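Visitor: Just passing along the structure, written as structure tokens.
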Amino acid sequence: MHLATLSSTALLAALGACSVVSRKAAPPWPLEDPGGYTIEDFPFLDIVERTALDPYIYLGKPDFGFPRVFRCLPFEEGDADPVGCSFVIPKWEKMANSDGNIVIKGGQCKAISLRCCQGTVCAPKKIDVVVGPKELTDLMWFKHSDKCIIQFTGAIFMDDGWDYLVMMGRPPRCQKKAYRPGGERRSLVNESFWDER
């Protein structure tokens, strides 16, 4: 019995010397950590700085009317993380107020990000946008994800009348400086979030 206790003590000491940390003591994996998500509000005019994307580059105003617009972003602007996006999208359902709606203040944006995926919803006009979580998450799942995110590119959508804007892509912390608007563009040959470089 004493020998077994001694062996256990020796094993724990050896593991400690090797810097092996138990799973409970290790920091949580970001997808299990509710604090791993970033949720922020910011003015629509700051969207370039805060998201590293300029929506009007991809949503040039049409000559007549404001029909809905949907586009996948160029790879160097998007390169979204599909795994992170699959966890970001459901988080929008938890953003609903007591009436069950997501409210974005006029001229403001709200963003949720995790890993290298950020979902951003904006009210470009000076009018508050009230949108149901299901409408928003369906758009992100069945339009953005099915057509763009699965190909590792971001996506951008403006509804009829251009009342609200929805973007998915990489948050600034995952953008290389050359990606940012005004920066020098470069091609990313075979580079994706799976690469460990």
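Visitor: If the only charges are +1 at each Lys and Arg Cβ and -1 at each Asp and Glu Cβ, what is the size of the charge dipole of the range 74-161 around the Cα centre, to the nearest 20 debye?
Guide: Charge dipole of the range 74-161: 280 debye, to the nearest 20.
Visitor: Also, I was wondering about something else. Using only the Cα atoms of the range 100-151, what are the Rg and Dmax in Å?
Guide: Cα radius of gyration and Dmax of the range 100-151 are 12.0, 34 Å respectively.
Visitor: Any of Lys91/Lys143; Lys125/Lys147; Lys94/Lys147 with alpha carbons more than 19 Å apart? Name them for me.
Guide: Cα-Cα > 19 Å for Lys125/Lys147; Lys94/Lys147; rest within.
Visitor: Next question. How big is the C-alpha Rg of the range 61-166 next to the rule-of-thumb value 2.2 N^0.38 Å, as a ratio?
Guide: Here the Cα radius of gyration is 1.04 times the empirical estimate.
Visitor: Per residue of the range 110-119, what does 6.51 cos²θ - 1.76 cosθ + 1.60 with θ = phi - 60° give for ³J(HN,Hα)? Whole Hz please, x for Gly and Pro, Karplus curve as stated.
Guide: 10, 10, 10, 9, 7, 6, 10, 9, 9, x
Visitor: Please give the peptides 89-100, 72-83, 134-145 ranked by average Cβ packing (other Cβ atoms within 10 Å per residue), highest first, as a rough proxy for protection.
Guide: Result, highest mean first: 72-83, 134-145, 89-100.
Visitor: Report the net charge of residues surrounding Met140, where surrounding means a beta-carbon distance below 12 angstrom and charges are Lys +1, Arg +1, Asp -1, Glu -1.
Guide: Local net charge: 0.
Read the figures in this text as sums done on the coordinates, not as results from a lab. It should be emphasised that the depicted structure is a prediction, and the values quoted were computed from it without experimental measurement. So basically every Cβ, Gly included, is an ideal-geometry build from the backbone, and we count neighbours across all protein chains shown.
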